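Everything below concerns the one structure shown next.
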Amino acid sequence: MPTDPIYLDYSATAPLRREAREAMLPYMEGCFGNPSSLHRWGREARAALDDARDRLAAVIGAAPSEVVFTRGGTEADNMAVLGRAHCMPQAPVVCSAIEHKAVLATVKAAARLTGAPFHVVPVDGDGVVREEQVYALLEEKPSVVSVMWANNEVGAVQPIERLADRCKEAGVSFHTDAVQAFGKLPVRVDEVPVSLLSVSAHKVGGPRGVGALFVRKGTRLHPLIYGGSQERGLRPGTEDVAGAVGLAVAAELAVRDREADMVRLGALRDRLEAGLRAAIPDLVVNAATAKRLATVLSVCIPGADAGALIPALDLEGIAASGGSACSSGSSEPSYVLVAMGLDGQVAAPSARFSLGKETTAEEIERVLATVPAVVERLRSFASA
Ligand code: PLP
């Protein structure tokens, strides 16, 4: 009898929550006005956008005027890094070696565009940024320091509170990509003095292609695109009202349920980790001793063909990811694992299982009953 497939790729994207979808529908149908229009249709759309901004701001502890809606996490990251680099074109740009490409590639592009240097700070074997090296670079007065709150591939949580404090003391803008941490860790800008913070709706059960950048009052930022005065001129263009509503609703629900969900999912992740370790004794758990997101398990499986592992799991009905989804499809070793000191050979056959709202204990048992046999089969092919 065929069994239902098992989705363990929530870090790549999560399904749209029913409540978010229902809240969005009116703004895709009857209430179609342009929020800049002065008539009733426009006012209705403006009220929904204002309400979404108020609600998202409340969830992260910001003032509504500090929330800029964007076209997703990538755009928020670009806006933060390039926006700061253009404000201080002579100054270096700093980030960690395990940033998502949305930051890493943008830091490099910023340096190309301004001619200023950039520094990519290494991480330790657990994927945690070498913070002393960041602090040493503060002397150079960078335009921005960007360190993600939690890594998308191995789940390692970064020392964001200390980094933000030290950057604030030094008068340097600090950006954190909180796309993976949001909804899984307490992410509050009234408790941590970040200057800029990115979130993305689709990681927390909102729509894809929608995100937001928190810009603390007083943080100077150049816009990347030009046009009207929407989003305080930082993100011109007619706003996606339905998307903003979906983000706000999904964010509220994720934060409301966070503690209970993380306890439940952390226990399931630990069960998966222990079961895989027992069945595959030479399996390596990445970032094993770091503080990790409760939802992520990243493993290296020596001897299994890197390019074959994820498709083989998919054939068995298990959706996992080889490193991050953005670099899947290539069997290049993950740059995150390489930065953590795992050499290409070990780093290549990696799998990330990421759990979410709908993950069940029964699914985890089915994964445990399936993965060891898949690995054994791949290893026998590899050695044949
Ligand atoms: N930053 C991190 C840490 C991510 O994991 C992702 C998505 O995988 C992004 C940024 C990009 O977000 P979006 O898909 O909304 O552009």
Assess whether GLY61 counts as being in contact (Cβ under 8 Å) with a residue 60 or more places away in the chain and either touching a Lys or Arg at 6+ places or on another chain (Cβ under 7 Å) or at positive phi (or both). yes
Condition set open to solvent by less than 40 Å² (accessible area, probe 1.4 Å) and touching a helix residue (DSSP H, G or I) at 6+ places or on another chain (Cβ under 8 Å), scope the stretch 220-239, selection nearest to LYS357 (Cα to Cα): answer is GLU239
Scanning the stretch 273-313 for residues that are within 13 Å of LEU342 (Cβ to Cβ) and not aliphatic (A, V, I, L, M) gives ASN286, SER298, CYS300, PRO302
When every residue in the stretch 291-349 that is charged (D, E, K, R) and at pLDDT below 80 is compared, the one surrounded by the fewest Cβ atoms within 10 Å (Cβ to Cβ) is ASP343
A careful count of residues in the stretch 61-74 that are within 16 Å of the ligand (Cβ to nearest atom) and assigned to a helix (DSSP H, G or I) gives 2
Checked ALA242, ALA279, ALA260, ALA288 against criteria (over 21 Å from the mean Cα position of the chain (by Cα), surrounded by fewer than 20 Cβ atoms within 10 Å (Cβ to Cβ), more than 17 Å from SER11 (Cα to Cα) and not β-branched (Val, Ile, Thr)); the one match is ALA279
> Do we find a residue being surrounded by 14 or more Cβ atoms within 10 Å (Cβ to Cβ), closer than 23 Å to PRO236 by Cα and either not assigned by TED's automatic domain parsing to the domain that holds GLU365 or not charged (D, E, K, R) (or both) anywhere in the stretch 3-23?
Replying inline: no
ALA201 passes all but one of the listed conditions (1) in contact with a Pro (Cβ under 8 Å, 6 or more places away or on another chain); (2) open to solvent by 30 Å² or more (accessible area, probe 1.4 Å); (3) closer than 21 Å to GLY83 by Cβ; the exception is number (2)
Restricting attention to the stretch 34-48, does a residue exist that is under 29 Å from the mean Cα position of the chain (by Cα) and within 16 Å of the ligand (Cβ to nearest atom)? no
(1) in contact with a Gly (Cβ under 8 Å, 6 or more places away or on another chain); (2) part of a helix (DSSP H, G or I) all hold for GLU259 apart from (1)
Among strands (runs of 3 or more DSSP E) entirely within the stretch 126-232, at least 3 residues that are within 22 Å of the chain's Cα centre (by Cα) and away from the ligand (no atom under 11 Å from the Cβ) occur in 211-215
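The values are calculated or read from the model by the stated rules, or taken from the named source; none is laboratory data. Computed from a prediction, not measured in an experiment: that's the story for all the values here. We place every Cβ from the backbone using ideal geometry, glycine too, and count neighbours over all the protein chains shown. Remember, those area values only see protein heavy atoms, side chains included, never the ligands or the DNA or RNA. Shrake-Rupley method; radii C 1.70, N 1.55, O 1.52, S 1.80 Å.
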